[in-house]
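Asker: Here it is, the structure in full.
The values are calculated or read from the model by the stated rules, or taken from the named source; none is laboratory data. This structure is a prediction, so every number in the text was calculated from the model and none was measured. Counting neighbours? That spans all protein chains shown, and the Cβs are built from the backbone with ideal geometry, glycine included. Protein only, heavy atoms only, side chains kept; ligands, DNA and RNA dropped before computing areas. Shrake-Rupley method; radii C 1.70, N 1.55, O 1.52, S 1.80 Å.
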Amino acid sequence: ILNVEQSPQSLHVQEGDSTNFTCSFPSSNFYALHWYRWETAKSPEALFVMTLNGDEKKKGRISATLNTKEGYSYLYIKGSQPEDSATYLCAPSSNDYKLSFGAGTTVTVRA
Amino acid sequence: DAGVTQSPTHLIKTRGQQVTLRCSPKSGHDTVSWYQQALGQGPQFIFQYYEEEERQRGNFPDRFSGHQFPNYSSELNVNALLLGDSALYLCASSGEAGSSLYEQYFGPGTRLTVT
């Protein structure tokens, strides 16, 4: 089980503002990193799977970067909207099958 | 196309009892992983099933066991329930033989309460 830290634990953002948060993980034996969005009363939804150092992925207003050498990934939300309110989970993997989830960053977007 | 389904949605059991949770994977997926999410924590990996075999296991005692059927659906069994087993149990399915290079699709979870 990997030691995964996500910070901050929660944040409040004004609608229209941009924000970002961090996922830290052991840099040794890195295999892949997943980001999921989990809205209340719904199932976790996959955002990105990242594998290469320097990877940048984008889906709409959400993007992510990956630094495998220092063991961190940033998730960015540009121009936050109320529908972006959710818990964002990162999950690195050190082998081909098992994901180790962080506790998540809960984002609340205020209108 | 049906996504991942889990049953039941909620369950209340008494300490010492046994429970079985069920999961049907997304169509076309061959691998099922189970996770436990306790309050305030991220999902913790319990085990993964592929080709009807447990392929990898997290740090959970033998009270937690599972099964995968030929149609790829899966069951999670927990024996001798403890209060600490109260949690949300998530099932996730994936294709590509469950490689973590590919995204997992999660079900809505089963909320287990042990009293």
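Asker: I'd like to know if the stretch B:79-90 contains one or more residues that are at the interface with another protein chain (Cβ under 8 Å from one of its Cβ atoms) and either over 18 Å from A:HIS34 (Cβ atoms) or open to solvent by less than 20 Å² (accessible area, probe 1.4 Å) (or both).
Answerer: Yes, that holds for at least one residue.
Asker: Just a yes or no: is a residue in the stretch A:101-108 within 14 Å of chain B (Cβ to nearest Cβ) and surrounded by fewer than 21 Cβ atoms within 10 Å (Cβ to Cβ)?
Answerer: There is at least one residue in the stretch A:101-108 that is within 14 Å of chain B (Cβ to nearest Cβ) and surrounded by fewer than 21 Cβ atoms within 10 Å (Cβ to Cβ).
Asker: May I ask you to say which residue of B:ARG57, B:ARG111 is touching a residue at least 40 places away in the same chain (Cβ under 8 Å), within 14 Å of another protein chain (Cβ to nearest Cβ) and open to solvent by 40 Å² or more (accessible area, probe 1.4 Å)?
Answerer: B:ARG111
Asker: Is there a residue in the stretch B:96-103 that is surrounded by 13 or more Cβ atoms within 10 Å (Cβ to Cβ), of a type in the set (S, T, N, Q), assigned to a loop (DSSP other than H, G, I, E, B) and modelled with pLDDT under 95?
Answerer: Yes: one or more hits.
Asker: Taking the conditions exactly as written (farther than 22 Å from B:GLY58 by Cβ, open to solvent by less than 60 Å² (accessible area, probe 1.4 Å) and either at pLDDT below 95 or away from chain B (no Cβ under 14 Å) (or both)), does A:GLY71 satisfy them or not?
Answerer: So A:GLY71 does not fit the description; no.
Asker: Quick one: in the stretch B:23-54, which of the residues that are of a type in the set (A, V, I, L, M) and not in a strand (DSSP E or B) is surrounded by the fewest Cβ atoms within 10 Å (Cβ to Cβ)?
Answerer: The selected residue is B:LEU39.
Asker: To continue, here is another question. Considering every residue within the stretch B:1-17, establish whether at least one is modelled with pLDDT under 95, among the basic types (Lys, Arg) and either open to solvent by 50 Å² or more (accessible area, probe 1.4 Å) or over 11 Å from the mean Cα position of the chain (by Cα) (or both).
Answerer: No, because not a single residue in the stretch B:1-17 is modelled with pLDDT under 95, among the basic types (Lys, Arg) and either open to solvent by 50 Å² or more (accessible area, probe 1.4 Å) or over 11 Å from the mean Cα position of the chain (by Cα) (or both).
Asker: Being in contact with a helix residue (DSSP H, G or I) (Cβ under 8 Å, 6 or more places away or on another chain), open to solvent by 50 Å² or more (accessible area, probe 1.4 Å) and not hydroxyl-bearing (Ser, Thr, Tyr) narrows it down to one residue among A:GLU15, A:GLU45; which is it?
Answerer: Sole residue among the options that is in contact with a helix residue (DSSP H, G or I) (Cβ under 8 Å, 6 or more places away or on another chain), open to solvent by 50 Å² or more (accessible area, probe 1.4 Å) and not hydroxyl-bearing (Ser, Thr, Tyr): A:GLU15.
Asker: Take A:TYR88 and tell me if it is within 14 Å of chain B (Cβ to nearest Cβ) and surrounded by 14 or more Cβ atoms within 10 Å (Cβ to Cβ).
Answerer: yes
Asker: Please determine, by comparing only the residues of the stretch A:30-68 that are part of a loop (DSSP other than H, G, I, E, B) and in contact (Cβ under 8 Å) with a residue 24 or more places away in the chain, which one is farthest from the other protein chains (Cβ to nearest Cβ).
Answerer: It comes out as A:THR68.
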